[in-house]
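S.K.: I'd like to ask you about the structure that follows.
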Amino acid sequence: MQIYTKKSLIEKLQEIRQKGWILNTRPGNDGGIGNTLEDLLGIKENNLPIPNAAEWELKTQRLNTTSLVTLFHLEPSPRALRIVSNILLPKYGWRHKEAGRKYPIGEMSFRQTISGDRRSDRGFKVVVDRNAKKVLISFDASAVDPRHKQWLQSVKQRAGLGELDPQPYWGFNDLKHKAGTKLLNCFLVLAECRRDEKGQLWFRYSKIYILESFSLDGLLKGLEEGFVFIDFDARTGHNHGTKFRLRRNMLPCLYQKVTEI
DNA sequence: GGTACCTGGAT
DNA sequence: TATCCAGGTAC
């Protein structure tokens with residue numbers, strides 16, 4: 001496991017940029033662009049609440065995507081209830097599009113990308129409660145779009161149409177700890193990508209930014225203002241975890257210092 | 001082996 | 001922009 005200083009990581013990333021097109025080492029995985037860069041750097045996917053490389057986190061993304069950047073994963077409290085798999089998926093989920101095809105006939109899905117400035121079309125919203133120092137998930141049946149009428153009927157039978165009980169939440173302290181240990185400083189690397197005649201995917205890591213000093217208050221404001229999202233990502237067979245995400249061009253807004261190298 | 005994380009997507 | 005979604009690993 002390679003350990004880098006800020007200086008040596010900058011030099012290594014500049015070397016990789018210099019190399020030009022590099023073959024994807026993780027075919028079939030959307031995360032290949034990041035995993036390939038980790039392989040080049042000689043670092044491992046980090047599954048611990050510690051930073052990737054010394055005190056530095058690495059974020060990689062395609063230049064031509066509009067998809068959100070994932071900041072971190074953190075399951076909501078109360079943790080013991082395993083609320084996503086035990087409540088949200090079975091009581092508020094819907095039939096997965098591939099149920100009976102790619103997945104078993106009963107496969108359910110609960111995928112919601114939600115924020116604090118409006119309700120999703122299924123009635124979910126993020127609430128930042130500064131008094132209780134919690135970020136909460138709220139459900140309002142009256143805000144559900146008519147096109148989800150049938151789903152709403154099923155929710156009524158499964159869970160009733162009141163507020164979530166209990167409401168999933170994250171304590172400010174939990175978020176502060178997570179962000180402080182994982183996201184304090186960040187390299188943002190953007191790559192062009194192309195497929196060759198054989199269908200193989202290649203990346204060219206061409207843009208590198210250094211983001212320093214993460215701000216938790218920026219994250220909370222982002223949730224309130226609607227540019228930070230909480231992304232539930234569960235189906236019956238695999239809960240990919242609950243993520244905090246945002247638009248790439250807003251990532252620098254969460255840091256006090258931004259430099260392009 | 002299940003859970004909670006990791007790496008990220010397309011339309 | 002919002003609503004869907006992918007494979008993989010540590011413990």
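The values are calculated or read from the model by the stated rules, or taken from the named source; none is laboratory data. Everything numeric in this text was worked out from a predicted model, so none of it was measured. Ideal geometry is used to build each Cβ from the backbone, glycine not excepted, and the neighbour counts take in all protein chains shown. In case anyone asks, the SASA skips ligands and DNA or RNA and just uses the protein heavy atoms, side chains included. Shrake-Rupley method; radii C 1.70, N 1.55, O 1.52, S 1.80 Å.
S.K.: More than 8 Å from DNA strand B (Cβ to nearest atom), open to solvent by 20 Å² or more (accessible area, probe 1.4 Å) and more than 30 Å from residue A:5 (Cα to Cα): does that describe residue A:93?
M.R.: no
S.K.: Now for a different question. Could you go through the stretch A:96-105 and let me know if any residue there is surrounded by 14 or more Cβ atoms within 10 Å (Cβ to Cβ), assigned to a loop (DSSP other than H, G, I, E, B) and near DNA strand C (Cβ under 9 Å from one of its atoms).
M.R.: yes
S.K.: Tell me which residues, restricted to the stretch A:1-42, are within 23 Å of the chain's Cα centre (by Cα) and in contact (Cβ under 8 Å) with a residue 60 or more places away in the chain.
M.R.: A:24, A:27, A:32, A:33, A:36, A:37
S.K.: Wholly within the stretch A:106-145, which strands (runs of 3 or more DSSP E) include no fewer than the required count, namely at least 1 residues that are within 13 Å of DNA strand C (Cβ to nearest atom) and without any contact (Cβ under 8 Å) to a residue 24 or more places away in the chain?
M.R.: A:124-129
S.K.: Here is a list: A:118, A:122. Which entry is open to solvent by 50 Å² or more (accessible area, probe 1.4 Å) and farther than 30 Å from residue A:56 by Cβ?
M.R.: On inspection, the qualifying residue turns out to be A:118.
S.K.: Within the stretch A:8-28, which residues are outside any helix (DSSP H, G or I) and either on the phi > 0 side of the Ramachandran plot or touching a helix residue (DSSP H, G or I) at 6+ places or on another chain (Cβ under 7 Å) (or both)?
M.R.: Within the stretch A:8-28, A:20, A:22, A:24, A:25, A:26, A:28 meet the criteria.
S.K.: Just checking, how many residues over the stretch A:199-226 are open to solvent by less than 30 Å² (accessible area, probe 1.4 Å) and farther than 19 Å from residue A:57 by Cα?
M.R.: So the count comes out to 6.
S.K.: Say whether the condition of being modelled with pLDDT under 85 and of a type in the set (Lys, Arg) is met by at least one residue in the stretch A:31-50.
M.R.: The answer is yes, given that some residue of the stretch A:31-50 is modelled with pLDDT under 85 and of a type in the set (Lys, Arg).
S.K.: With the requirement that a residue be more than 15 Å from residue A:202 (Cβ to Cβ), surrounded by fewer than 13 Cβ atoms within 10 Å (Cβ to Cβ) and touching a Lys or Arg at 6+ places or on another chain (Cβ under 8 Å), what does the stretch A:1-36 give you?
M.R.: A:1
S.K.: Restricting to the stretch A:211-260, and then to whatever is in contact (Cβ under 8 Å) with a residue 12 or more places away in the chain and in a loop (DSSP other than H, G, I, E, B), can you tell me which residue is farthest from residue A:7 (Cα to Cα)?
M.R.: Among residues in the stretch A:211-260 that are in contact (Cβ under 8 Å) with a residue 12 or more places away in the chain and in a loop (DSSP other than H, G, I, E, B), the one farthest from residue A:7 (Cα to Cα) is A:236.
S.K.: Identify, please: which residue in the stretch A:154-192 is touching a helix residue (DSSP H, G or I) at 6+ places or on another chain (Cβ under 7 Å) and open to solvent by 50 Å² or more (accessible area, probe 1.4 Å) and is, among those, nearest to residue A:123 (Cα to Cα)?
M.R.: Among them, the one singled out is A:161.
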